[in-house]
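A.B. asks: Once you've had a glance at the structure underneath, I'll fire off some questions.
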Amino acid sequence: MLDLTAKVHDESRQGEAYAPFVNDPTVYRKKFYIESYGCQMNFSDSEIVASILNKEGYGATRNAEEADLVLLNTCSIREKAEQTVRKRLTEFRKAKESKPGLLVGVLGCMAERLKAKFLEEEKLVDMVVGPDAYRSLPGLIEEAETGQKTVNVLLSRDETYADISPVRLESNGVTAFVSIMRGCNNMCSFCVVPFTRGRERSRDAFSIVAEAQDLFDRGFREVTLLGQNVDSYYWVNEEAAATVQNAAGEAVTFAKLLEMVALVSPDLRVRFSTSHPKDITEEVLLTMAKYENICKYIHLPVQSGNSRILQLMNRTYTREWYMAKVDQIKRIMPDCGISADIITGFCTETEEEHQETLSIMEYSKYDYSFMFFYSERPGTLAARRYKDDIPEEVKKRRLQEIITMQNRLSVESNKLDIGQTYKVLIEGESKRSDQDWMGRNSRNKAVVFAKGNSNYKKGDYVYVTITDCTQGTLLGYLQQ
Ligand code: SAH
Ligand code: SF4
Ligand code: F3S
């Protein structure tokens, strides 16, 4: 039998499917199944799609075999991400053969990148819908039901889905993503995102705070504010600015937004991702330091530790500039955790330049990293300008060295936590044992500890003293 049920990878949620939200046939006349790939933004978008579909009478199912509509929310960031989706589509081809009415739609970045070409390449696909076109899904589904192939890949300058309340599917009820902006105006030469997601735009600050408040009222205790480049968040209340009294002071920067969300409740933790090193300001760092509930953890992708490569990547900072940023973070928040994204084997990268990536990792002491080898993406500046000239075996070897370095740094960082006591938000039972809780400390490290005789539950804050660690987890005991 085909495996069309949820696939959950250990290190990430790639390909995860959603559990039924409400399985009541009187509410929902049809069923949809959605799988998401790529970054958290895509997972967050799937929750917006679910909300739009719920209103149309489609309820979510975790089992693709009983679905009337199958959606894949896709990612184009690396060649491999696209291959995974194509492989998955061939599996759905078989499902479609045995169920003629089944509709298959491709959403997200791959839909945007390939547009109508998708319909030529993958004949079984009925709908191709880009990330800014989800409001048109109901109409597109209706058309597809008549046997028409449909495409909407229009990018928008102002769509933020601000008024759509995402359906929290497959949620632990404690942590949630809140999208604060869309698109990206940077032009990192390796990156396909500006092409698939369009221009940067920031969402209404009040709708963000209202969503965080609503989540808190429903028992959630942590929100992660999401954007490709959160530090360039900038929103002006046009309505208020239009009235004379309020003409000044209505612009909301990311630092201000962080504060607004932090003030929802001291018991609501606030996280954010991703920070471009060039845009994270001292004001943001000071705001983080000021509020205990803004988590002391920054995802600060470095990409490379060498200034020449950084320039070719169009990252607009140098090695020294990045290191100074790390110093500034540690000066303002000595306990702040930092993680990174790293690309190895970018065009023309020499062995010495690779060594500089290893040494900047050591300098920054990352708690963890997401590590990739360079994958050329059609249409990007790098694809047009530079030759992808590092042989695959060299890329792989360098990547392995980077992974080995990160493993060492993660263990070293975790060892420093032994003997410390941390405030931990309980997210759920540990994967390994229902006798243990799993939660995170402010620094985003996973902490596992025995439940003991306590009456704590998911969403509670507890204090845990760390006694041991693995590469990815701190182990400890509950302070009674
Ligand atoms: N907006 C985020 C990154 C989004 S993409 C930022 O600027 O930090 C996530 C990560 O994928 C990037 O940080 C980069 O490390 C990696 N990535 C992007 N394009 C890639 C490519 N062509 N090949 C390999 N890795 C890539
Ligand atoms: Fe891509 Fe750069 Fe934008 Fe990140 S900041 S999404 S890497 S272009
Ligand atoms: Fe992938 Fe698109 Fe995110 S390319 S990483 S899903 S913005």
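Any read-out appearing in this document is the output of simple, stated calculations on the displayed coordinates, not a laboratory observation. Since the structure is predicted, the reported quantities are computational estimates derived from the model, not experimental observations. Ideal geometry is used to build each Cβ from the backbone, glycine not excepted, and the neighbour counts take in all protein chains shown.
A.B. asks: Which ³J(HN,Hα) values in Hz, rounded to whole numbers, follow from the phi angles of the range 151-163 under the Karplus curve 6.51 cos²θ - 1.76 cosθ + 1.60, where θ = phi - 60° and Gly and Pro get x?
C.D. replies: Calculated HN-Hα couplings, in order: 9, 9, 10, 5, 8, 10, 8, 10, 5, 10, 6, 4, 8 Hz.
A.B. asks: Determine, from the Cβ-Cβ distance of K94 and E56 and an R0 of 22 Å, the FRET efficiency 1/(1 + (r/R0)^6), rounded to the nearest 0.05.
C.D. replies: 0.25
A.B. asks: For each pair in K396/K458; K87/K415; K123/K395; K296/K415, compute the distance between the two Cα atoms and list the pairs where it is over 30 Å.
C.D. replies: Where the Cα-Cα span goes over 30 Å, the pairs concerned are K396/K458; K87/K415; K123/K395.
A.B. asks: Using r as the Cβ-Cβ distance of E351 and T281, and R0 as 30 Å, what FRET efficiency do you calculate, to the nearest 0.05?
C.D. replies: According to the calculation, E is roughly 0.25.
A.B. asks: Considering only DSSP beta bridges whose two residues both sit in the chain, what percent are antiparallel, to the nearest 5?
C.D. replies: Expressed as a percentage, antiparallel bridges in the chain total about 35.
A.B. asks: Could you check the spin-label model distance between D327 and R397? Points 7 Å from the Cα along Cα→Cβ, value in nm.
C.D. replies: Reported label-point gap for D327 and R397 is 3.5 nm.
A.B. asks: Per 0.36 nm of contour for each residue apart, how much would the distance between Q148 and Q435 grow if the chain were fully extended, relative to their Cα-Cα spacing?
C.D. replies: 98.0 nm
A.B. asks: Of I402, T287, A133, which is farthest on the positive side of the dipole of the chain, counting Cα position, with +1 on Lys and Arg Cβ, -1 on Asp and Glu Cβ, and the Cα centre as origin?
C.D. replies: I402
A.B. asks: Residue by residue, what Karplus-based ³J(HN,Hα) values in Hz, rounded to whole numbers, does the range 111-121 have, using 6.51, -1.76 and 1.60 with θ = phi - 60° and x for Gly and Pro?
C.D. replies: Calculated HN-Hα couplings, in order: 4, 5, 5, 9, 6, 4, 4, 4, 5, 6, 6 Hz.
A.B. asks: Given labels modelled 7 Å from the Cα in the Cβ direction, how far is it in nm from A289 to R29?
C.D. replies: 5.9
A.B. asks: Compute the distance in nm between two label points, each set 7 Å from the Cα along the Cα-to-Cβ direction, one at E362 and one at Q471.
C.D. replies: Here the answer is 1.9 nm between the modelled labels.
A.B. asks: While we're on this one: With a 10 Å radius around each residue's Cβ, average the other Cβ atoms per peptide and rank 75-82, 320-327, highest first.
C.D. replies: 75-82, 320-327
A.B. asks: OK, next. For N172 and N185, calculate 0.36 nm times their separation in residues minus their Cα-Cα distance, and state this gained length in nm to one decimal.
C.D. replies: 1.4 nm
A.B. asks: Based on the Cβ-Cβ distance of Y234 and L263, what FRET efficiency does E = 1/(1 + (r/R0)^6) give at R0 = 22 Å, to the nearest 0.05?
C.D. replies: Efficiency computed from Cβ-Cβ geometry: 0.70.
A.B. asks: Show that you can apply the helix-only estimate: for the chain, add -39,500 (n - 2.57) for every DSSP H stretch of four or more residues, divide by all residues, and state [θ] at 222 nm to the nearest 500.
C.D. replies: Calculated mean residue ellipticity at 222 nm is -10000 deg cm²/dmol.
A.B. asks: So, one more: Using +1 on the beta carbon of Lys and Arg, -1 on that of Asp and Glu, and nothing else charged, what's the dipole of the chain about the Cα centre, debye to 20?
C.D. replies: Here the chain has a charge dipole of around 480 debye.
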